[in-house]
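Asker: What follows is a single structure, and I will ask about it in a moment.
Every number in this text was worked out from the coordinates using simple rules, so none of it is lab data. Predicted model only: the values in this text are computed from it and were never measured. Here the Cβ positions follow ideal geometry from the backbone for every residue, glycine too, while neighbour counts run over all protein chains shown.
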Amino acid sequence: MQQPLLAFNNVEISYDDEAMIQGVSLKMNKGEILGIVGESGSGKSTLIKASMGLLGRSGRVSQGEILYQGQNVLNLGDEAFRNLRGPKMGMIFQNCGSALCPIRTIGDQLCEAMKEHGQTDRQAIKDEALAMFDRIHLHDGDRILNSYPFELSGGMNQRVGIVMAMILKPDLLFADEPTSALDVTVQAQVVKEMMALRETFGMSIVIVTHNIGVVSYMADNVAVMHKGRLVEYGKTRDVIDHPIKDYTRQLIGAVPRIRRG
Amino acid sequence: MSKILEVRQLVKEFSKGSKTIRAVDDVSFDVCSGECLGLVGESGSGKSTIAKMITALESPDAGGIFLDGKGITGLKGREQRAVYKDIQMVFQTPTDSFNPRLKLGDGIMEGMINHGISRPEARKKMLETLKICGLSQEYADRYPHQVSGGECQRASIARAIVVNPKLLICDEATSALDVTVQAQIVELMRQLKSENHMAYLMICHDLALVQQLCDRLLVMYQGKIVETGTPDEIIMHPREDYTKRLIDSVF
Ligand SMILES: Nc1ncnc2c1ncn2[C@@H]1O[C@H](COP(=O)(O)OP(=O)(O)OP(=O)(O)O)[C@@H](O)[C@H]1O
Ligand SMILES: Nc1ncnc2c1ncn2[C@@H]1O[C@H](COP(=O)(O)OP(=O)(O)O)[C@@H](O)[C@H]1O
Ligand SMILES: [Mg+2]
Ligand SMILES: [Mg+2]
């Protein structure tokens, strides 16, 4: 048996000592794409933040373990976590605009992030970023690099967050609602880009999204969260096409579908 | 139906160094009472900039905006406050609607109190509206960073509708919500539309949702409106290249 890349064993997470997530067990292998869907407020972002050591002061994992390559990340100090974040685990934040620093240009922030991970050639970084921007329909990349976040649209900031995370080619990418602010032509391109990174670098991806169509297309396995618990978990085709649990059925039943005549 | 909002030949430019971008390029449209007008289009095509000009967060470089026939650009002080009771906005990023230092409940009550409603009455209305938006009473005492994106978005919808605006601008208001909550919000919007004749300008990337809710649709590309019609007309028979690509990209 291959050792899973990431495993949650009976995880409970509390905010201010009140359990918010209970009894979550999940496993993903290298190269796998795991989709997490479910209720707003059910704890999807919380699961990701816990894996990245980003729960903040009020939150903590109060039971169970989270294993990255067999190592319990909950025992890691801040320093060890910092080394893991970036090249090993990357994250696209749900709210990219506010995850960026408001008073520095995108280009500076990008170079700084890369420098922390040993890449210092500004021109090379810029060239790669520009090529990536171009592939996800940001054709005036130079302007983007010279802009401050407030000078960009919601969808532009989201794409900046995507490029910042993907340019480091992390082994494991957490993508929290990565396409929610994008028009569907750009969404399709971003999905393609993520799939290509898995193809080329064997990148594993955890994608949280409300877009059941996207999950259905991308994910190998799907986890459905409801009220802090994992209600259904299995192969994408099984979960989406033949949901067993009431909540999953409700969720899939509520997906608005486009009428094409 | 009477016209509530008229937007005429609106232009907005931003300059960056030697380059100037025309974010909004000669845009005109109307919204009638009880109507839901959808605004879809390319990311970066100027949708939020239009919303910001209507709500006076940005000022237009040219063109006019009229509410009930009265020009509303460049108003100040009391006149401006009176107009902006009638126009409310729900932002793309829900936390933008709230002061991070205020509890959600206080944030929702702020507008009512500014318009002279007593505190106890405002509190009562606030709790009722939270409930309508699917949030229990305890959320009134939470800070914006203590709730999920979807919960914060429901609170910001409560903040906007609590003052009974004539026009509600929703900028990607449902994109942070799961589809079951989305359906509840859509139902709520329908109800306010038929009972209170509330009008909407709905900026949204989800074409299926737009098709469910909107009476009319504008498609934007590079600062301009490139196509208008009913959602069915546009989705079933798109004319412009960009619109065709948009519809073909839906998963
Ligand atoms: N304050 C600003 N300063 C400079 N440029 C700006 C500013 N606000 C917006 N822009 C530019 O104006 C254009 C339109 O932005 P806008 O936010 O209106 O797009 P949008 O249609 O809402 O896009 P999205 O769907 O991604 O939210 C973009 O090119 C953006 O970079
Ligand atoms: N810092 C925090 N303090 C207290 N409660 C929080 C905090 N962050 C999130 N929560 C609560 O935890 C629950 C899960 O939030 P989240 O993981 O963001 O949900 P989602 O599934 O929508 O991503 C929500 O009920 C939210 O209100
Ligand atoms: Mg979330
Ligand atoms: Mg926008």
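Asker: Filter the trypsin sites (Lys or Arg not before Pro) in the range A:1-72 down to the DSSP loop ones having no more than 10 other Cβ atoms within 10 Å, then list what survives.
Answerer: On the way: sites: A:27, A:30, A:44, A:49, A:57, A:60; in loops: A:30, A:57.
Sparse-neighbourhood loop trypsin sites (Lys or Arg not before Pro): A:57.
Asker: A further question on this structure: Straight-line reach from residue B:224: which lysines have Cα under 23 Å away, leaving out those fewer than 8 places along the same chain?
Answerer: Within the straight-line limit of under 23 Å, residue B:224 reaches these lysines: B:3, B:12, B:16, B:19, B:47, B:52, B:244.
Asker: Taking K and R as +1 and D and E as -1, what net charge do the other residues with C-beta under 14 Å from the C-beta of residue B:60 add up to?
Answerer: Numbers: positive: B:8, B:12, B:22, B:52; negative: B:6, B:13, B:25, B:26, B:58, B:61.
Residues close to residue B:60 contribute a combined charge of -2.
Asker: When N is the residue count of the protein assembly as shown, what does its C-alpha Rg come to as a fraction of 2.2 N^0.38 Å?
Answerer: 0.96
Asker: More than 19 Å apart: what percent of Cα pairs in the range A:183-261 qualify?
Answerer: 43 percent
Asker: Another question about this same structure. On a 0 to 90° scale, report how tilted helix B:119-132 is relative to the longest principal axis of chain B, with both axes built from alpha carbons and the result rounded to the nearest 10.
Answerer: Its long axis makes an angle of about 60 degrees.
Asker: Under 12 Å from the Cβ of residue B:125, count the other residues' Cβ atoms, weight Lys and Arg +1, Asp and Glu -1, and hand me the total. Mind showing how you got there, number by number?
Answerer: Details: positive: B:119, B:123, B:124, B:131, B:159; negative: B:121, B:128.
Taking every other residue near residue B:125 into account, the sum is +3.
Asker: Looking at the calculated P(r) for the range A:95-240, what percent of the C-alpha pair distances fall above 20 Å? Walk me through the numbers on the way to the answer.
Answerer: Numbers: 5329 of 10585 pairs.
Tail of the P(r) past 20 Å holds 50 percent of the pairs.
Asker: For chain A, calculate the relative contact order in percent as a whole number, restricting contacts to Cα pairs under 8 Å that are 6 or more residues apart. Could you put the intermediate results ahead of the total?
Answerer: Details: 440 pairs, mean separation 66.8, N = 261.
That works out to 26 percent.
Asker: Shifting gears a bit: Which value, in debye to the nearest 20, describes the size of the charge dipole of chain B about its Cα centre when Lys and Arg Cβ atoms bear +1, Asp and Glu Cβ atoms bear -1, and nothing else is charged? Mind showing how you got there, number by number?
Answerer: Working: 31 positive and 33 negative charges, 175 e Å.
The calculated dipole for chain B is roughly 840 debye.
Asker: Exposure proxy check: A:48, B:247 ranked by fewest other beta carbons within 10 Å? Please report the intermediate quantities before stating the final value.
Answerer: On the way: A:48 22, B:247 18.
Listing A:48, B:247 from fewest to most nearby Cβ atoms yields B:247, A:48.
Asker: Same structure, new question: Compare the peptides B:12-19, B:235-242 by average per-residue count of other Cβ atoms within 10 angstrom and give them in order, highest first.
Answerer: Sorting B:12-19, B:235-242 by mean packing, highest first, produces B:235-242, B:12-19.
Asker: Turning to a different aspect of this structure: Placing unit charges on C-beta atoms (Lys and Arg positive, Asp and Glu negative, everything else neutral), compute the dipole magnitude of the protein assembly as shown about its Cα centre in debye, rounded to 20. Show your work: numbers first, answer last.
Answerer: Working: 59 positive and 63 negative charges, 112 e Å.
With only Lys, Arg, Asp and Glu charged at Cβ, the dipole is about 540 debye.
Asker: How would chain B be classified by its alpha-carbon gyration tensor: rounded, prolate or oblate, with rounded meaning a/c under 1.5 and the a/b versus b/c comparison settling the rest? Write out the running numbers ahead of the final one.
Answerer: On the way: a/c = 1.66, a/b = 1.34, b/c = 1.24.
Prolate, since a/c reaches 1.5 and a/b exceeds b/c.
Asker: What residues have an amide H closer than 5 Å to that of residue B:148, excluding those fewer than 5 places away on the same chain, when H is modeled at 1.01 Å from N in the peptide plane?
Answerer: The list, which skips near neighbours in sequence, is empty: none.
Asker: For a bin width of 10 Å, list the pair-distance distribution of chain A built from all Cα-Cα distances, rounded to whole %.
Answerer: 7, 30, 36, 22, 6, 0
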